[in-house]
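Written out below as structure tokens is the structure these notes cover.
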Amino acid sequence: MTDSKIDMNRIPRHIAIIMDGNGRWATERGKHRSYGHQAGVEAVRRITSECTRLGVEYLTLYTFSTENWNRPADEVAALMGLVLTSLEDEIFMKNNVRFRVIGDIDRLPVEVQDKLRETMEHTAGNTAMTMVVALSYSAKWEITKAVRDIASEAKAGTLSPGDITEETVAAHLQTSFMPDPDLLIRTGGEVRISNYLLWQIAYSELYFCDTYWPDFDERCLREAIADYQGRQRRFGKTEAQVEDND
């Protein structure tokens with residue numbers, strides 16, 4: 001598929017991806033699951049570069065969930081090591097990409113926390129796209145934390161319960177610095193959300209594919225965008241109302 005198959009004027013502003021299938025990809029090749037995670041990093045590089053080229057403003061990648069802490073210790077250790085080695089300047093500086101992270105970062109090893117902060121500081125001035133990594137993240141944790149913070153403000157008297165709106169909640173979420181996803185992609189053949197951006201994807205378009213993440217390439221991304229562009233986003237309105245506003 002070439003760019004002529006997609007409308008370059010209707011590229012999703014924000015794409016979120018559940019990068020699934022690394023372990024199964026490796027197992028089918030007789031390799032350890034960590035081999036699949038390493039191959040997944042190459043897919044991240046490909047998709048980051050392609051999103052930047054297409055004009056996507058925000059790319060959010062589900063890298064490690066709070067539930068993933070329950071995986072075997074050796075796999076968790078390998079994933080943490082991979083985070084350290086994959087945060088290379090090249091992928092960000094070459095593509096003029098700003099790096100951000102969301103999640104319960106305090107649970108991460110200190111050296112990983114330091115590397116994350118270093119990368120965010122070093123790329124803060126980049127302007128082509130913001131790549132957000134969801135690390136030690138779950139939507140239920142995020143929403144619970146937002147409720148706790150709002151409750152603290154109400155108890156302190158700086159916020160009246162009657163003044164709490166959807167905008168108040170959104171402002172207390174980890175993602176307050178960016179718009180909600182237009183398109184959510186999940187690779188690997190599973191058809192579920194897995195505790196990812198539950199508040200933010202209320203009106204996102206969902207796209208599921210069987211391709212394992214290590215095999216997800218530029219063509220796969222453009223297919224997902226083409227599918228997205230073939231849909232009508234109504235946000236609760238009727239088809240006729242949307243067409244009248246076009």
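The values are calculated or read from the model by the stated rules, or taken from the named source; none is laboratory data. Not measured: the values here are computed from a predicted model. Neighbour counts run over all protein chains shown; Cβ positions are idealised from the backbone, glycine included. SASA here: full protein model, heavy atoms, side chains in, ligands and nucleic acids out. Shrake-Rupley method; radii C 1.70, N 1.55, O 1.52, S 1.80 Å.
Examine segment 72-79 for a residue that is touching a Phe, Trp or Tyr at 6+ places or on another chain (Cβ under 8 Å), closer than 26 Å to N195 by Cβ, surrounded by fewer than 16 Cβ atoms within 10 Å (Cβ to Cβ) and modelled with pLDDT of 90 or more, and state whether such a residue exists. Can you show your working first?
Taking segment 72-79 as the starting set, the residues that turn out to be touching a Phe, Trp or Tyr at 6+ places or on another chain (Cβ under 8 Å) are 76, 79.
Keeping just the survivors that are closer than 26 Å to N195 by Cβ gives 76, 79.
Applying the additional criterion that residues be surrounded by fewer than 16 Cβ atoms within 10 Å (Cβ to Cβ) yields 76.
When the remaining residues are screened for being modelled with pLDDT of 90 or more, the result is none.
Taking every residue of segment 72-79 in turn, none turns out to be touching a Phe, Trp or Tyr at 6+ places or on another chain (Cβ under 8 Å), closer than 26 Å to N195 by Cβ, surrounded by fewer than 16 Cβ atoms within 10 Å (Cβ to Cβ) and modelled with pLDDT of 90 or more.
Please verify whether segment 193-205 includes one or more residues that are in contact with a Phe, Trp or Tyr (Cβ under 7 Å, 6 or more places away or on another chain), under 24 Å from N22 (Cα atoms), modelled with pLDDT of 95 or more and hydrophobic (A, V, I, L, M, F, W, C).
Among the residues of segment 193-205, not one is in contact with a Phe, Trp or Tyr (Cβ under 7 Å, 6 or more places away or on another chain), under 24 Å from N22 (Cα atoms), modelled with pLDDT of 95 or more and hydrophobic (A, V, I, L, M, F, W, C), which makes the answer no.
Can you tell me how many residues within segment 80-104 are of a type in the set (K, R) and surrounded by 15 or more Cβ atoms within 10 Å (Cβ to Cβ)?
2
So which residues in segment 165-221 are more than 25 Å from D149 (Cβ to Cβ) and among the acidic types (D, E), if there are any at all? Before you say what the answer is, go through the steps one by one.
Initially, segment 165-221 is screened for residues more than 25 Å from D149 (Cβ to Cβ), giving 182-192, 205-221.
Of everything in segment 165-221, those that are more than 25 Å from D149 (Cβ to Cβ) and among the acidic types (D, E) turn out to be D182, E190, E205, D210, D215, D217, E218.
Restricted to segment 1-43, and to residues that are part of a helix (DSSP H, G or I) and under 22 Å from A128 (Cβ atoms), which residue is most open to solvent (accessible area, probe 1.4 Å)?
For segment 1-43, the residue satisfying everything is E42.
I'd like the full set of residues that are of a type in the set (F, W, Y) and open to solvent by less than 30 Å² (accessible area, probe 1.4 Å), limited to segment 62-71.
Listed by number, the residues that qualify are Y62, F64.
Just one of the numbered conditions (1) over 19 Å from D20 (Cα atoms); (2) open to solvent by 70 Å² or more (accessible area, probe 1.4 Å) is not true of T52; which one?
Every condition holds for T52 apart from (2).
Select, from I17, I47, I11, the only residue that is over 28 Å from L79 (Cβ atoms) and in contact with a Leu (Cβ under 8 Å, 6 or more places away or on another chain).
I11
Do we have any residue at all in segment 135-147 that's modelled with pLDDT of 95 or more, over 18 Å from the mean Cα position of the chain (by Cα), assigned to a loop (DSSP other than H, G, I, E, B) and surrounded by 14 or more Cβ atoms within 10 Å (Cβ to Cβ)?
Checking segment 135-147: not a single residue is modelled with pLDDT of 95 or more, over 18 Å from the mean Cα position of the chain (by Cα), assigned to a loop (DSSP other than H, G, I, E, B) and surrounded by 14 or more Cβ atoms within 10 Å (Cβ to Cβ).
Could you go through segment 148-168 and let me know if any residue there is farther than 18 Å from P12 by Cα and in contact (Cβ under 8 Å) with a residue 40 or more places away in the chain.
no
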